[in-house]
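Asks: Mind looking over this structure? Questions follow.
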Amino acid sequence: MRAPDVVSRIDEGELIALTRDLVRIPSVVRPGEPGATEAAVAAHVEQWMRKERFEVEVHEVAPGRPNVLGILGDRDAGPTLLLEGHTDVVTEGDAALWTRAPFGGDLVDGKIYGRGSADMKSGLAAAMIAAAAIRRGGIDLGGRLVVGALVDEEGDMIGAKHLCTTPIGRELTAAIICEPEENEICLEQRGVVWARVTARGRMAHGAMPEAGVNPIVALGALLREAPALERRLRKLCRRSPHLRPPTVTPTVVQAPVQGVAQSNVIPSMAQATLDVRLTPGPDAEAIGKELDATCERAQEALPGCEVSWQAVNGFRLATQVDKDEPIVRAMVKGVRQATGRAPKFGGVPGSTDGTILRMTLGIPIVTCGPGNRQIPHQVDEYVEVSELVEAARIYVAAALSFLEP
Ligand SMILES: [Zn+2]
């Protein structure tokens, strides 16, 4: 069977049904609430893969939080390609604000609604159906195709981090990240550093400020420095036609850091978090130097105060992949074959599991999947069925091109 024949075999009804099934299994991770993990949806994915006679690996990343991997093909036959999705979804928030049930999986006017419909149970379902079409077609692969359903992308990405430590993870050659990007081929993703800045002063009575050192004053200076930091990062990072330039956004301010807040007490410590978004270019050291300089200026504003920063959850640098990479050429060919159109290139506004794979394993990644880029994490999240079907077709054509014997 040739690639176009397999592409034409994608069954729209089956793909819609699988996507709705996945949306209907809630997988918001609520720490401290027993059972509120990815376990149920991961079990569904595992069963489905076993029924399709994939080789299945289940890696328990944390209690009740397994990565599920479905594998086709032979390790010795060539490279290993990952089609990657995550099983967790963000909270539905206030369900009363939704016009459709957040976990109903309603299908109305060519759209499937629900939390995770775009981000990213549709992308995961498209990857699963694409792999099943290849297996059912009895096609010999020149390598291995792995469908990975990972946990915790919306959290600390422990699923992707864990995958990088496993034998199959270390053997990956390239990955397609099936996140909602309107089926554009995204070769760049913005990076992120959450810089938690701590100002340490000296506690005192609010009526006698000269007796203490007020760390809140230093934080004020830090916040005034944020636009200058942003300007410097914009000079340091490369411009990209597909990505917004770097941004520095204060998101959390807290004082006191511990104990009771009282109107007549100068606290000993104050903290602010800067959400720093990056485009490709500088390494972690260069970014760190800019943050050091910002803290130094805040410290100079208030003698006796100590200002330092720390990256919450490490650095996720911006990623970029060359157009000449075989996986990119396979995607370009795949989009042409599956849609009959020239591919559109785009960029990912945030970081994904692909960031971890790129930084840790050094493998090329391409992000491409169904769903409006703006819709994730909103109420009335949906995915267009037409984009969903197109994504599955693209995955088939790209995988067969990349894994041609
Ligand atoms: Zn996602």
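The values are calculated or read from the model by the stated rules, or taken from the named source; none is laboratory data. Computed from a prediction, not measured in an experiment: that's the story for all the values here. Heads up, the Cβs are rebuilt from the backbone with ideal geometry, glycines too, and the neighbour counts pull from every protein chain shown. To get the accessible areas, we keep the full protein, side chains included, count just its heavy atoms, and leave off ligands, DNA and RNA. Shrake-Rupley method; radii C 1.70, N 1.55, O 1.52, S 1.80 Å.
Asks: Using only alpha carbon pairs under 8 Å that are at least six residues apart, calculate the relative contact order of the chain and give it in whole percent.
Replies: On the way: 954 pairs, mean separation 99.7, N = 405.
Computed over the chain, the figure is 25 percent.
Asks: Roughly how much of residue 76 is accessible, in Å² to the nearest 10, using a 1.4 Å probe?
Replies: 130 Å²
Asks: Run the simple label-point estimate for residue 202 and residue 231 please: 7 Å along Cα→C-beta, distance reported in nm.
Replies: Output for this residue pair reads 3.5 nm.
Asks: Multiply the residue separation of residue 94 and residue 264 by 0.36 nm, subtract the distance between their alpha-carbon atoms, and state the gained length in nm to one decimal. Walk me through the numbers before you get to the answer.
Replies: Numbers: separation 170, 0.36 × 170 = 61.20 nm, distance 3.67 nm.
The span from residue 94 to residue 264 would gain 57.5 nm if fully extended.
Asks: Using DSSP H assignments, which helices in the chain have an axial alpha-carbon span of 15 Å or above and a mean Kyte-Doolittle hydropathy of -1.0 or higher? Please report the intermediate quantities before stating the final value.
Replies: Numbers: long enough: 12-24 (18 Å, 0.10); 39-51 (18 Å, -0.15); 122-136 (21 Å, 1.14); 215-236 (30 Å, 0.28); 284-300 (24 Å, -0.74); 326-339 (19 Å, 0.25); 385-402 (26 Å, 1.23).
Flagged H segments are 12-24, 39-51, 122-136, 215-236, 284-300, 326-339, 385-402.
Asks: Now, a different point. Name the long-range amide H neighbours of residue 348: under 5 Å, sequence gap of 5 or more, or other chain; modelled H, no Pro or chain starts.
Replies: 188, 189, 190
Asks: Over 27 Å between Cα atoms, which of 111/323; 51/344; 51/121; 121/333 qualify?
Replies: As for pairs spanning more than 27 Å Cα to Cα, those are 111/323; 51/344.
Asks: Sticking with this one: Quick check for you: with a 1.4 Å probe and neighbouring chains kept, what is the accessible area per residue of the stretch 19-148, in Å²? List each step's numbers first, then the result.
Replies: Numbers: 4890 Å² over 130 residues.
Per-residue accessible area for the stretch 19-148 comes out at 38 Å².
Asks: So if R0 is 30 Å, what FRET efficiency would residue 5 and residue 380 give, r being the distance between their Cβ atoms, rounded to the nearest 0.05? Could you put the intermediate results ahead of the total?
Replies: On the way: r = 37 Å, r/R0 = 1.25.
Rounded to the nearest 0.05, the efficiency is 0.20.
Asks: Expected output is a single nm value to one decimal: the length gained when fully extending between residue 285 and residue 224, i.e. 0.36 nm times separation in residues minus the C-alpha distance. What is it? Present the calculation step by step, with values, prior to reporting the outcome.
Replies: On the way: separation 61, 0.36 × 61 = 21.96 nm, distance 2.32 nm.
Once the chain is fully extended between residue 285 and residue 224, it gains 19.6 nm.
Asks: Moving to a separate point now. Run the 1.4 Å probe and let me know the accessible area of residue 386, rounded to the nearest 10 Å².
Replies: Surface accessible to solvent at residue 386 totals approximately 80 Å².
Asks: What's the FRET efficiency of residue 50 with residue 310 using the Cβ-Cβ distance as r and R₀ = 35 Å, to the nearest 0.05?
Replies: Working: r = 44 Å, r/R0 = 1.25.
Working from the Cβ atoms, E equals 0.20.
Asks: Assuming R0 = 41 Å, what is the FRET efficiency of residue 12 and residue 62, from their Cβ-Cβ distance, to the nearest 0.05?
Replies: Working: r = 36 Å, r/R0 = 0.87.
The value I calculate is 0.70.
Asks: Follow-up question, since we're still on this one. So for the chain, taking the charge dipole from beta-carbon charges (+1 Lys/Arg, -1 Asp/Glu), which of 90, 262, 187 sits furthest toward the positive end?
Replies: Ranked along the dipole, the leading option is 187.
Asks: Another question, then. Can you give the accessible area of residue 289 in Å² (nearest 10), computed on protein heavy atoms with a 1.4 Å probe?
Replies: The accessible area of residue 289 comes to roughly 130 Å².
Asks: Dipole size in debye (nearest 20) for the chain around its Cα centre, Lys and Arg Cβ +1, Asp and Glu Cβ -1?
Replies: On the way: 44 positive and 53 negative charges, 156 e Å.
For the chain, the charge dipole is close to 740 debye.
Asks: Tell me, what ³J(HN,Hα) does each residue in the stretch 198-213 have, in order and in whole Hz, if you take phi through Karplus 6.51 cos²θ - 1.76 cosθ + 1.60 with θ = phi - 60° and put x for Gly and Pro?
Replies: With coefficients 6.51, -1.76 and 1.60, one gets 10, 10, 10, x, 9, 5, 7, 6, x, 7, 10, x, 5, 7, x, 10 Hz.
Asks: In whole Hz, with x marking every Gly and Pro, tabulate ³J(HN,Hα) for the stretch 140-145 from phi via Karplus 6.51 cos²θ - 1.76 cosθ + 1.60, θ = phi - 60°.
Replies: Values, residue by residue: 7, 9, x, x, 10, 10 Hz.
Asks: Using alpha-carbon positions, what is the distance between the centroids of the stretch 286-355 and the stretch 18-76, in Å?
Replies: Using only Cα atoms to place each centre, the spacing works out to 28 Å.
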